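First comes the structure, then the notes that go with it.
The values are calculated or read from the model by the stated rules, or taken from the named source; none is laboratory data. Bear in mind the structure is a predicted one, so any value in this text is a computation, not a measurement. Cβ placement follows ideal geometry from the backbone for every residue including glycine, while neighbour counts extend to all protein chains displayed. Only protein heavy atoms, including side chains, enter the accessible area calculation; ligands, DNA and RNA are left aside. Shrake-Rupley method; radii C 1.70, N 1.55, O 1.52, S 1.80 Å.
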2 protein chains.
Amino acid sequence: MAAKRSGARGKRPQRTSETSEWLQPLHEPRSEPSLSRERIVAAAVELLDAQGVDGLTMRRLADRLGSGVMSLYWHVDNKEDVFDLALDSVLEYRGPPQIAQDWRGEVVHMLEDWRASMLRHPWSTLLLPRRALGPNILSRLELLSKTLSRAGVADADVNVAIWSLWNYVMGATITRASFDLSDDDRAAAQQRLTRLSERYPTIERSRLLLDNDWDGAFRKGLGFLLDGLSPR
Amino acid sequence: MAAKRSGARGKRPQRTSETSEWLQPLHEPRSEPSLSRERIVAAAVELLDAQGVDGLTMRRLADRLGSGVMSLYWHVDNKEDVFDLALDSVLEYRGPPQIAQDWRGEVVHMLEDWRASMLRHPWSTLLLPRRALGPNILSRLELLSKTLSRAGVADADVNVAIWSLWNYVMGATITRASFDLSDDDRAAAQQRLTRLSERYPTIERSRLLLDNDWDGAFRKGLGFLLDGLSPR
DNA sequence: GATTGACTCGTACATGGTACGAGTCAAAGT
DNA sequence: ACTTTGACTCGTACCATGTACGAGTCAATC
């Protein structure tokens, strides 16, 4: 069911010139191999990485792919769909590096990888809270579940343990990213934090907001949580 | 610096009629006490509660306040500003119910109140990740900091402990709300989850996604975390 | 040669944020 | 008494964006 036409012809290699300073002049496909869900998702991720959540518009996406805007809609339902696909595409997990470690090492590796994947694409922390679970997230939960069971966590506690770990990782990652996102100007942000923390003495003394060792804090806190969860 | 005019006069009690079925026909101020930052924020929260994040538009907000859209901009910088103010306004903490409990009780009370406040306004979980720290959040962190110090947590560990708790609460709350947000149709959502979890055997067996005792899981997981954090 | 169905895309519209500058009004200054 | 001022209101206009609609292409099949 389709036929007809109306306007003029394409506008293939137009690239509005205002958007010319893009990274990766590489893999601009020479022959524009026509659209596909995969190419769209890949382009969306590139755009999100470069421009953030608000930088992704259907028009820009089409531009980048050398296609008309409405062509995208043959492959995806709508913009939400693009977000879902981009998010899940970034959360794939390839498993622990070597053959079996101890369960704690496995869990830590997976969770640190999770956090790292998201921080490589900070927009993911803004998207995750509002979208449903994609296959890659579910795989991670599945893996976590298996590992904890094998580790001897009581059946009744496994779900609580999973959610606790999930919560911890999500909270840490989202928070971490929001400090990066909410002020591009590092110096100004630091200033603002200092000014703020002056009004909150205890926080100020401990430099809660000024400490930069996010990775260390993440690891250490995760340690505490695992201590609490360990079958004693 | 200002003068002149151009168009016609107001459109005070218009209320587009499509939006007539609003809750609280109460506190519609009879005399339209003119705009103020506070009234704007209050109206924004009402709108967000009723319509969600996407439901808040400057036009609707103005409508609800019986004012012109552009009048809002005298009191707030822009829409982002409205979001910031609305979010912080919802996070006030009034302290623990009685006089001093044990530290653990205090911490648990504050964190459960935090979670409850946000779940009362589910849109807050979508906003928090992208905005800076407002005064009410900082107060909570301050309080937490004081309590943990008094409880005997080693100085070197206090910050890690605070962030761990924050992360846990944020993750739990955001996750919880996203399950509510991402599908209004409860039955369909449940269906979808069931279908999904069939492809992930361990998760399926433990009914990770189908268990509804969010409050219990939150409390129990928090318990584990506090176990790990407790000065032993 | 006609049909079909997968895919592309221009046009058009509705919605939303907000720049701009004109307007009101009460209080202070003269 | 008039003017000035500055706090506040608001209509208009513009621009960006998502996407409905329906027309168009083209290769494979009949």
Checklist outcome for this item: Expected single match for more than 16 Å from DNA strand D (Cβ to nearest atom) and among the aliphatic types (A, V, I, L, M) among A:126, A:35, A:111 is A:111
Next on the checklist: Condition first: of a type in the set (S, T, N, Q), surrounded by 16 or more Cβ atoms within 10 Å (Cβ to Cβ) and modelled with pLDDT under 85. Can you find one or more residues in the range A:183-203 that meet it?
Outcome noted: yes
Next on the checklist: I'm trying to understand the selection: among the residues of the range A:192-232, which are in a loop (DSSP other than H, G, I, E, B) and not charged (D, E, K, R)?
Outcome noted: A:200, A:208, A:209, A:210, A:212, A:230, A:231
Checklist entry - Since residue B:140 meets every condition but one in (1) more than 8 Å from chain A (Cβ to nearest Cβ); (2) within 28 Å of residue A:154 (Cβ to Cβ); (3) modelled with pLDDT of 90 or more, which condition does it not meet? => result (2)
Next on the checklist: Would you confirm whether or not the range A:89-101 contains a residue that is within 12 Å of another protein chain (Cβ to nearest Cβ), within 22 Å of residue B:125 (Cα to Cα) and either modelled with pLDDT of 90 or more or open to solvent by 10 Å² or more (accessible area, probe 1.4 Å) (or both)?
Outcome noted: no
Checklist entry - Within the range A:156-171, how many residues are open to solvent by 10 Å² or more (accessible area, probe 1.4 Å) and farther than 17 Å from residue B:214 by Cα? => result 0
Item to check | Of all residues making up the range A:75-93, the number that are among the hydrophobic types (A, V, I, L, M, F, W, C), farther than 14 Å from residue A:38 by Cβ and within 15 Å of DNA strand C (Cβ to nearest atom) | outcome: 0
Item to check | Restricting the range A:41-57 to residues that are part of a helix (DSSP H, G or I) and within 16 Å of DNA strand C (Cβ to nearest atom), the residue that is most open to solvent (accessible area, probe 1.4 Å) | outcome: A:54
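So that you can scan it fast, the table gives a plain yes or no per residue for (1) in contact (Cβ under 8 Å) with a residue 12 or more places away in the chain; (2) not assigned by TED's automatic domain parsing to the domain that holds residue A:163:
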| site | (1), (2) |
| --- | --- |
| A:48 | yes, yes |
| A:51 | no, yes |
| A:55 | no, yes |
| A:60 | yes, yes |
| A:70 | no, yes |
| A:108 | yes, no |
| A:123 | yes, no |
| A:126 | yes, no |
| A:136 | yes, no |
